[in-house]
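Beneath this line is the structure, given in structure tokens, with notes to follow.
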Amino acid sequence: MIWWEKTVEYKFIIQTATDRKIDFAAPLSGTQEIGGDGIFGVDAKLILVEFKRSQREFKTEKDKFKCYEKAKNEMRGRDRYHFLVYGSEGENGNLNIHAKHYFSLKEVVPALSIFDLGVSEEAFKSYLGNLIKLKKKDGRSDGTVGPESVASVVGVSPDSVISISLTEYVRLTLPELYQALSPTQIISSDLSLG
């Protein structure tokens, strides 16, 4: 059986939309993935997700930090709403979806129950701000690490699912962090308004 990271991501979204009726999903890509691949939410509770093809790819996450061990020590225990979601081959060639907490690597069973572990926007913002500060600069950008380098945020309520890029989420909800991490973007956007 052959599958990719995107296969896991799509299966997760389809299964979530079918089983959990999420109301917020914000997929991230490129430099926007510094925090994760997506932000999802159910009933106004948010989670941060990093998708991986399989468990073997977990080791690539360590390279995203200035010092992974320091980040792990500082963020462990706070990662209860930050997950690695990955696939494995199941019976009859089906793709199984799994989830583990990002730093502690404690498995969450069933995988979609990660939505039960979502947190309020305030707790999410605090975690995200601390996480971004521990990450390396992204070589795909202009040399600054900012919210444009982060995943996505998803919010879910009984009535709807909403997705927003993490860049936009940070810009709207953490303007001080956005400005501190993205000074060139702030300047260039200010110039375009004049």
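Residue-by-condition table, conditions (1) surrounded by fewer than 20 Cβ atoms within 10 Å (Cβ to Cβ); (2) at pLDDT below 60; (3) farther than 20 Å from Lys52 by Cα:
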residue: Val108; (1), (2), (3): yes, no, no
residue: Ser120; (1), (2), (3): yes, no, yes
residue: Leu134; (1), (2), (3): yes, no, yes
residue: Asp159; (1), (2), (3): yes, yes, yes
residue: Leu166; (1), (2), (3): no, no, no
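Taken over the stretch 77-125, the criterion of being among the hydrophobic types (A, V, I, L, M, F, W, C) and at positive phi is satisfied by Leu105 alone. Selection of the stretch 13-55 for residues being touching a helix residue (DSSP H, G or I) at 6+ places or on another chain (Cβ under 8 Å), at pLDDT 85 or above and either part of a loop (DSSP other than H, G, I, E, B) or aromatic (Phe, Trp, Tyr) (or both) yields Phe51, Arg53. For beta carbons closer than 9 Å, sequence separation of 6+ or different chains, a first residue in the stretch 5-22 that is among the hydroxyl-bearing types (Ser, Thr, Tyr) and a second that is at pLDDT 80 or above, the qualifying pairs are Thr7/Arg53; Thr7/Gly87; Thr7/Leu95; Thr16/Leu112; Thr16/Phe115. If you scan the stretch 93-114, which residues turn out to be over 13 Å from the mean Cα position of the chain (by Cα) and assigned to a helix (DSSP H, G or I)? Across the stretch 93-114, the qualifying residues are Gly93, Ala111, Leu112, Ser113.
The values are calculated or read from the model by the stated rules, or taken from the named source; none is laboratory data. These figures come from a predicted structure and were not determined experimentally. With ideal geometry, Cβ positions are generated from the backbone for all residues, glycine too; neighbour counts draw on all protein chains shown.
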